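S.K.: I'd like to ask some things about the structure below.
The values are calculated or read from the model by the stated rules, or taken from the named source; none is laboratory data. Quick caveat: nothing in here was measured; it's all calculated off a predicted structure. As a convention, Cβ positions derive from the backbone with ideal geometry for all residues, glycine included, and neighbour counts pool all protein chains shown. Surface areas here come from the heavy atoms of the whole protein model, side chains and all, with no ligands, DNA or RNA. Shrake-Rupley method; radii C 1.70, N 1.55, O 1.52, S 1.80 Å.
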Amino acid sequence: MKNHARVVVIGGGIAGCSTLYHLTKLGWADVVLVDKNELTSGSTWLAAGNVPQYHRSFNSTKINDYAVKLYPTLEEETGQAVDWHTTGSLRIALNQDRLQEYKHVAGKDKILGIESQLVTPEDIKKIYPLIKTDGIVGGLFHPQDGHVDPASVTQAMAKGARQRGAKIYTHNPVMNITQTPSEEWVVHTEKGDITCEIIVNAAGLWTSTIGAMVGLYLPVIAMEHQHILFEDVPELVETGMQLPLLRDPDTSYYMRQEARGLLIGPYENSPQSWYPDGVPLDYASQALPPVLDRIQDILMNAIDRVPAMNECGVKEEINGPITYTPDGGPLLGPAFGLKNFYLNGGHCFGITQCAAYGLHTAEWIIEGEPSIDLSAADSRRYGDYANQYWAHEKIMETYEMMYAIEYPGEIRPAARKAKTSPVYDTLKAKGACFSQTYGWERASWFAPKGMAPVEENSFKRTNWHEPVGMECKAVRERVGVLDLSGFSKFEVSGCGAELFLNYICANKIPVKSGKIAVSCMLNQKGNIKCDVTITKIAKDRFFVVAAAAAEKHDLDWMLKLAPKDGSVIIENMTYRYGTLVIAGPKSRDVLSKLTDTDLGSACFPFASMQNIFVNLSPVMALRIGFTGELGWELYHPIEQQREIYDALMKAGEEYGMVDFGLRAMMSLRLEKGYCILGGEMNSERTPLEAGLERFVNFNKGNFLGRQALIQQKETGLAENLVLMTVETDDADTIGDEPIFQGNEIVGRVTSGGYGHTVGKSLAMAYVKSEFAKPGTRLDISVLGKRCPAQVVPTAYYDPENERLRG
Ligand SMILES: Cc1cc2nc3c(=O)[nH]c(=O)nc-3n(C[C@H](O)[C@H](O)[C@H](O)COP(=O)(O)OP(=O)(O)OC[C@H]3O[C@@H](n4cnc5c(N)ncnc54)[C@H](O)[C@@H]3O)c2cc1C
């Protein structure tokens, strides 16, 4: 056995073998994989092998599509058969909301060039002759979907990797992991130690066990998942017909042809976790005892849908453990706080998704970044709140709702109140409807008296539309308060702090205390990794604010780039400070009643900070905001939040001050054309494409990503971010809708909603540069309907920023 390698991959399931395969494909041969048993002996062994292209998210569709393209090629490349079958797959809809979901997905598929067709009940009968179409209102058909033999495809990738020089050591458990003083990793296996530069934890069911060896808690728990193979269906035997895979997500199952029989895989609503404290190390290649009771109703329903199964007995019952994370996405990328330790685990659709996740893990290692934005899979999307108990509760919900309709901005009930700010109860009593981000409960909107603060889910405008409109109006005309305590907050200090921040930020870091700079942090490719507001609070001390969900990611990004000589200290202040936003033309009047500080623009200009007192409490007041109105972000000791909030509310009474929520903030920011991280800003886009050049300072000297931006400026932009008005009746864009000029797709919506002040449906979108001029008329497909749309100036509301600077 080799005792030194550049990379050691732990785990020989599909995730590990795909990582190894792609590392070698990208040119690294000094790579090793170890498995405690045979290859595929974890979840991979038991999988059904369905490989669909369908996904609600844009990049996850790309992920799925990669497998559909790669798997059929592997036999020719490696000599190992993988048993790939292109069967197509059909999703039926039993209600109009589901159909709307399909229409949205079909629009997104068009952008990606993925073949999918919306089908009627009559089409469905032709595609799936054995189906009873009662109650079906339509469906979605993906003709290129297929299935593969999970073990064979894993072996094929292992073989491909070996052919390019990789070494695989099976029956060799990893017992521990340590680090040398020179920061090399030592993987202690039963057969000896392997020293390496980089580790990939691809240990599937044991992802968290391996994580614990290096001090990480990883929220991955195994769930029992069953699929039942029925005896041959006479019609299939007689006709030899090949059926596509059938999914009835409203009843919650898939049904696949296996030779001449059918196999049903349900997602039941009383799921069962399996060894939530950690899967025993000696588990391998064993099915668990089946529990038909849990899935009986779904099976009966499925048989009723395909009556030809009526006489077919059960041939085989398979119950296998499958890994889940709280949101059902995997844990990928660099592990928080560890150098050269990568994750590729927690997969619940691993046979489909590990083809691409292996590629992107290899890119992350070799090229420093994956070629697509993977923030939805980045393990750092979870903070410490995602402990075992929280994760378990959320995972039970996620499994149960595996096939549920994913409504835009849907608020799900499990594992709530992980983090609440001191005003939570007060806001709740005032009718707040809360959503959750990174464990934080944050007010989405406020239900007026007589209305329950509960969202009615819909792809169209729904019960919160009017109340949100009232909140927007109040902020634009009077004044509103919003609790944004979930913001991530860091202090970066030390004699090297300014130099460091100037290197990792595209904008110039303020030189004078009390000045604020808005900036992106970029990667080497010039793409956006973080979006921050930086305030110089004293000599060599900077206060950095980032999105709530970015806490661990941004902290890790900064810590890993910071010099190790003690000249820069980075502290997480998130839980020390609360944040109250006060915004609106009357915000100065309200705040002035509570402070001696002169808040006039001459003394307290836009984009500046002062330490003030609000009533009794010390507050760092930043004159900035996301609504486009005069306003302040008030950062205060968290324990003084109630006192400040009550004082603000009392002072605001005479001005008609209201509470407002995130939905109103999103509407207000759209009218201003402000970008959001995860929508317009992500690691596939540069600030130049996002129209943020005013926040890039090329003159300040070198910064991370500068060279790439200069090159992009020279080459010119292929696409630009635009704001568009959309002529719709009752549905707004939510992101990922295709934009057409005639029949040509020329862009993609990144986020959208209704602009209550301007009285128009608005969409932000990247379009080919030749279509980015204000006035350009295009069409946007909203829930399958072509809607006329027009490019408007990016700051549609108050383009001169007069109100902001007022
Ligand atoms: C019944 C069932 C049906 C499924 N159907 C589908 C489907 O149709 N489509 C789909 O896409 N997905 C499906 N899945 C999910 C899919 O099987 C998993 O997502 C995928 O196999 C996960 O692969 P993995 O490599 O991450 O983990 P695993 O397959 O669990 O592999 C982990 C490997 O790590 C090794 N290992 C662990 N600890 C150590 C250690 N200490 N030292 C050395 N080696 C170690 C293990 O031996 C194992 O081989 C199904 C799963 C089940 C159970």
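S.K.: Could you tell me whether Asp736 is under 24 Å from Ser57 (Cα atoms) and either more than 21 Å from the chain's Cα centre (by Cα) or surrounded by fewer than 24 Cβ atoms within 10 Å (Cβ to Cβ) (or both)?
M.R.: In short, yes.
This table checks each residue for (1) in contact with a His (Cβ under 7 Å, 6 or more places away or on another chain); (2) open to solvent by 60 Å² or more (accessible area, probe 1.4 Å); (3) farther than 28 Å from Thr462 by Cβ.
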| residue | (1), (2), (3) |
| --- | --- |
| Asn702 | no, yes, yes |
| Arg706 | no, no, yes |
| Asn720 | no, no, yes |
| Glu744 | no, yes, yes |
| Ser751 | no, no, no |
| Ser769 | no, no, yes |
| Leu778 | no, no, no |
| Leu783 | yes, no, no |
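S.K.: Next question, about the same structure. Can you tell me how many residues in the stretch 119-166 are open to solvent by 10 Å² or more (accessible area, probe 1.4 Å), of a type in the set (A, V, I, L, M, F, W, C) and in contact with a strand residue (DSSP E or B) (Cβ under 6 Å, 6 or more places away or on another chain)?
M.R.: Residues meeting the conditions: 5.
S.K.: Within the stretch 58-65, does at least one residue satisfy the condition of being in contact with a helix residue (DSSP H, G or I) (Cβ under 6 Å, 6 or more places away or on another chain), over 27 Å from His22 (Cα atoms), touching a residue at least 24 places away in the same chain (Cβ under 8 Å) and surrounded by 17 or more Cβ atoms within 10 Å (Cβ to Cβ)?
M.R.: No, the stretch 58-65 has no match at all.
S.K.: Does Ala795 fit the bill of being in contact with a strand residue (DSSP E or B) (Cβ under 6 Å, 6 or more places away or on another chain) and on the phi < 0 side of the Ramachandran plot?
M.R.: Against the criterion (in contact with a strand residue (DSSP E or B) (Cβ under 6 Å, 6 or more places away or on another chain) and on the phi < 0 side of the Ramachandran plot), Ala795 does not qualify.
S.K.: Next up: Within the stretch 253-261, is even one residue in contact with a helix residue (DSSP H, G or I) (Cβ under 9 Å, 6 or more places away or on another chain), in contact (Cβ under 8 Å) with a residue 24 or more places away in the chain and more than 30 Å from Ile131 (Cα to Cα)?
M.R.: The answer is no, given that none of the residues of the stretch 253-261 is in contact with a helix residue (DSSP H, G or I) (Cβ under 9 Å, 6 or more places away or on another chain), in contact (Cβ under 8 Å) with a residue 24 or more places away in the chain and more than 30 Å from Ile131 (Cα to Cα).
S.K.: Follow-up question, since we're still on this one. Being surrounded by fewer than 20 Cβ atoms within 10 Å (Cβ to Cβ), touching a residue at least 40 places away in the same chain (Cβ under 8 Å) and not in a loop (DSSP other than H, G, I, E, B) is the filter here, so list the residues in the stretch 368-391 that pass it.
M.R.: The answer is Gln388, Trp390.
S.K.: Taking the residues in the stretch 284-311 that are under 17 Å from Pro234 (Cα atoms) and among the charged types (D, E, K, R) as candidates, determine which candidate is least open to solvent (accessible area, probe 1.4 Å).
M.R.: Ranking the candidates gives Arg305 first.
S.K.: Residues that are open to solvent by 10 Å² or more (accessible area, probe 1.4 Å) and under 30 Å from Leu688 (Cα atoms): does the stretch 644-664 have at least one?
M.R.: Within the stretch 644-664, one or more residues are open to solvent by 10 Å² or more (accessible area, probe 1.4 Å) and under 30 Å from Leu688 (Cα atoms).
S.K.: Only residues that are over 14 Å from Thr352 (Cβ atoms) and touching a Cys at 6+ places or on another chain (Cβ under 9 Å): list them for the stretch 60-86, please.
M.R.: none
S.K.: Then there's this: Do you know which residues across the stretch 23-74 are aromatic (Phe, Trp, Tyr) and near the ligand (Cβ under 8 Å from one of its atoms)?
M.R.: Once the filter is applied, which keeps residues that are aromatic (Phe, Trp, Tyr) and near the ligand (Cβ under 8 Å from one of its atoms), the stretch 23-74 yields only Trp45.
S.K.: Now a separate question. Can you tell me which of Thr40, Thr24, Thr44 is at positive phi and within 29 Å of the chain's Cα centre (by Cα)?
M.R.: Exactly one of Thr40, Thr24, Thr44 is at positive phi and within 29 Å of the chain's Cα centre (by Cα), namely Thr40.
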